Each structure stands twice: as C-alpha cells, then as structure tokens.
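The values are calculated or read from the model by the stated rules, or taken from the named source; none is laboratory data. The model shown is predicted, which means the values in this text are computed figures rather than measured ones. Cβ sites come from the backbone with ideal geometry, for glycine too, and all protein chains shown count toward neighbours. To get the accessible areas, we keep the full protein, side chains included, count just its heavy atoms, and leave off ligands, DNA and RNA. Shrake-Rupley method; radii C 1.70, N 1.55, O 1.52, S 1.80 Å.
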Amino acid sequence: MTTQAGALVLAGALVAACGSSGPAGGGGGEGGTGQVWALEDAALNPIEEASIERFNEGSDSGELELATFGNDPYKQRLRVALGSPNAPDLFFNWGGGNLKEYVDAGQVEDLTGLLDENPELRDAFLPSVLAGAELDGANYGLPMRGMQPVVLFYNQSVLESAGVEVPQTWDELLAAVDALSAAGVTPIALAGTQAWTELMWIEYILDRVGGPEVFQAIRDGEEGAWEDPAVLESLEMLRELIDRGAFGNDFASVGYDVGGASTILAQGDAGFHLMGSWEYTNQLNDSPEFVEAGDLGWTTFPAIEGGAGDPSNLVGNVSNFYSLTSSSENKEAAREYLSTALTSEEYISDLIEAGDVPPVQGIRDQLAETENGDYATFIYDATADADNFQLSWDQDLPADEATEMLTQLEQFFLGTQTPQGFVDAMSGV
C-alpha cells in the first residue's frame, strides 16, 4: 500500500462519511434478524459487515444485519425511529450529550450489568474512551471505532528557522507566538470560517484551567455553570492569545474543508495548527512531500501552570459507540455481539489495517508495525495516558445550546464579543 493509498483508507476510518439514506428497513421487528445501524463509510462498512457475518456464523442467540445511512439522514432517522416499532437493535452514536438525549427518554439499555458480568470486556477498552458513553455512573455504549483526539500539529522546519522549541506549557506557547510573529510567520493556522475549529481552543484552555468538572457542570445543565470563574479566566486567556496575533489577521477568511489551514501549515506559512487527529491524513493526502520530509510534527496541548486540569487530558471525538435500544426484541443476540465481536482479534486487526486506532488495550506493538506507526502509537499512547477525554462540546451539548455557543465563539474571535459578554450570553441560554 502506498502512503497516499493508506492515507485514503485512513481518511475513511477517521472521518464519518456523509451520503444518501441507507436501507429502508426498520428495526429487528418481532424478534427476527436484529438491525445494526451505522454511518455509511467506504472503508469501515466492509469491516462492520464482516464482523456481523462472523457473529452470525458462530452464534446460536440470533442473527444481525447492518444498515447504513448518510450522516445527516442518519441523525434524523434515528431520532424518529427510537421509541417506535422501527427502532434498530444496536445503533451507532457519538456518546456524551448526543447519547444522553436518548438515555433520558428511556430508549437506551443500561450496559453496566453486561460489563460487570464480563470484567474482561470492561478491561479490554481504554478507560478514558469507555467513559465517553457513561452517564450518571452507568454505561450505555461500547466503543466500535477509532479515537480522534485534537492534537497540536506543527511545522518543524518553520519552528527551527524561528528558533522555537515545541511548547510544553502555555507560557512557552506565548513565547513561540511572539518569536514566530517576529520572524514574519503566522504563528497558528486557523480556519476561522468555521467556528468548530475555534472551539478546540477554548475546550483545551478551560480543561487546563478548571479541570473537566467545569464543563461537565455545563453539560449537565447545572444552574450558573457558565458563570464558573474558570470560564471567564479561560476566555480572557484566549482573548490575550488572539490579540497577541497568534492567528494572524486573515483567519476569518480561511476555510478548513478546502484545505486552507492545512495548506498554510504545510507550505511553511504557519508554525502550528490545532486540529483533530484526521489532520495527519489530510496532510498525507494533500501534502505528502511535507510529511515525507519529516517536517510534520505533533504534540499534546500545553499544560497551564497553576491550572486544575491534568495536562494529559484530551478533547475531541472520543470514539463512536454501539448502544442497545431498550425496546429491542433481540437483546440476547445484541448483547452477545457487544460482548464478543468488538474486541475480537479479527475485528481489531481489520480496523488497524484500515488505518484506525482502536481504543483497546494491548495493541501498541501491532500499531507500531503499521506504515504510519509513529503517529498511530502517539495517538494510542496519548489516549491511554489521558486522565480524561472530553467529547467535543458541540457534540456534547444540546443542539440549541451548541449552536448558540458556536455563534458567540465566532463573534468572540472576530472581536465583537467580550469574555464577559460570552459568559452572559451563554448563561442566558
């Protein structure tokens, strides 16, 4: 497999595919063949299909079949189907607040008992990832795809030319911003036409300043949670970073989907780029010479001195999960599939071969032997060492609150909203 071909496969594994609506069939019905719903994905659907076929060949508890859907049609279809006779038995989701909506409605089976009965299953997953489907101390899903933490990427050649070391602390990052600005380079590439790219900054800063508990209170809807002093302090730190010229003057016109920020980094016009782990794939696809020259580097987000958050903490897309509907008439088969298929040697090997980094224990050596082993093991180690892995806020919050947050954040980066104004706006949602 060539580097570019491998990258194309990895892209399919790391980024949820969009497409047309999937099969028209509903749920498992009257205890017949159980339905497993997932997103359309050219790289991973064959792996999921093969996993289900192996299960059907060896199980006496029932049979399952896969139905796939495009991203947006899937979300709408799932919302309508759950709680109806057409609900799937197992369904793909993002965990966190995305899953909480259905848990609160009583539509999702508590899997804590399954894990208690099979402690080897609980121990098979990286704890910080398994926690992505935990709500109020109960588990409602098991990881079924790879991990996608947000990583600080950098151009090693640019840093060396400016005499900049890879920052380990916030103060070192500020010093790097000043040095890169003095060298005539945009310190940090930012695709400011899309607010979700800006969200990564406040997610990490608040985590480092206040610890994960601050956002958990926001996610849980606790009164006054947005008014926690750590939120305002974090926004003030981000304001300082913006005003320092960290993102240059043109970030508001730079897009991500068209490769703008990634190209700026690869061409040596920026020193850093904070982005999800799929950025590595994008660089392999679009700027392979940049990667092959050894100039693409990566590291975890800097520590903030005096902050309450553990420097190992990650934010991003924890993983994707399979959850069991409470109305399923195929629970025996579904529970057997969850407890055996997702950690099977064949399934994990297939995911790794496709370029994924599964959240399971004991696969580091296997990852190291792959074509992009250095990067794969970095993602694996960072996640294995993480004290907490926070799901992206726009996935973890209710849709209306997430939309308002992104709107306020966009205004904040443009300078038309203040730190206190942001807090006041979100407190009123």
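Looking at the range 403-417, which of its residues are touching a residue at least 12 places away in the same chain (Cβ under 8 Å) and out of contact with any Phe, Trp or Tyr (no Cβ under 6 Å at 6 or more places or on another chain)?
Those that are touching a residue at least 12 places away in the same chain (Cβ under 8 Å) and out of contact with any Phe, Trp or Tyr (no Cβ under 6 Å at 6 or more places or on another chain): 404, 405, 406, 407, 409, 410, 413, 414, 415.
Checking the structure you have, find out if any residue of the range 243-260 is under 22 Å from the mean Cα position of the chain (by Cα), closer than 20 Å to residue 392 by Cα and open to solvent by less than 10 Å² (accessible area, probe 1.4 Å).
no
I need a count of the residues in the range 414-429 that are part of a helix (DSSP H, G or I) and open to solvent by less than 80 Å² (accessible area, probe 1.4 Å).
7
So residue 234 ticks every box in (1) polar (S, T, N, Q); (2) farther than 26 Å from residue 415 by Cβ; (3) crowded, with 23+ Cβ neighbours inside 10 Å but one. Which box is left unticked?
(2)
Do the conditions hold for residue 181, that is, is it of a type in the set (Ser, Thr, Tyr) and over 24 Å from residue 381 (Cα atoms)?
In short, yes.
Looking at the range 91-114, which of its residues are closer than 27 Å to residue 45 by Cβ and part of a helix (DSSP H, G or I)?
Those that are closer than 27 Å to residue 45 by Cβ and part of a helix (DSSP H, G or I): 96, 97, 98, 99, 100, 101, 102, 103, 114.
So in the range 215-232, with the set limited to residues that are part of a helix (DSSP H, G or I), touching a residue at least 40 places away in the same chain (Cβ under 8 Å) and not aromatic (Phe, Trp, Tyr), which one is farthest from residue 95 (Cα to Cα)?
Among those that are part of a helix (DSSP H, G or I), touching a residue at least 40 places away in the same chain (Cβ under 8 Å) and not aromatic (Phe, Trp, Tyr), it is 232.
For the range 51-90, enumerate the residues that are farther than 23 Å from residue 399 by Cα and either part of a loop (DSSP other than H, G, I, E, B) or without any contact (Cβ under 8 Å) to a residue 24 or more places away in the chain (or both).
53, 56, 57, 58, 59, 60, 61, 62, 63, 85, 86, 89 - these are the residues of the range 51-90 that are farther than 23 Å from residue 399 by Cα and either part of a loop (DSSP other than H, G, I, E, B) or without any contact (Cβ under 8 Å) to a residue 24 or more places away in the chain (or both).
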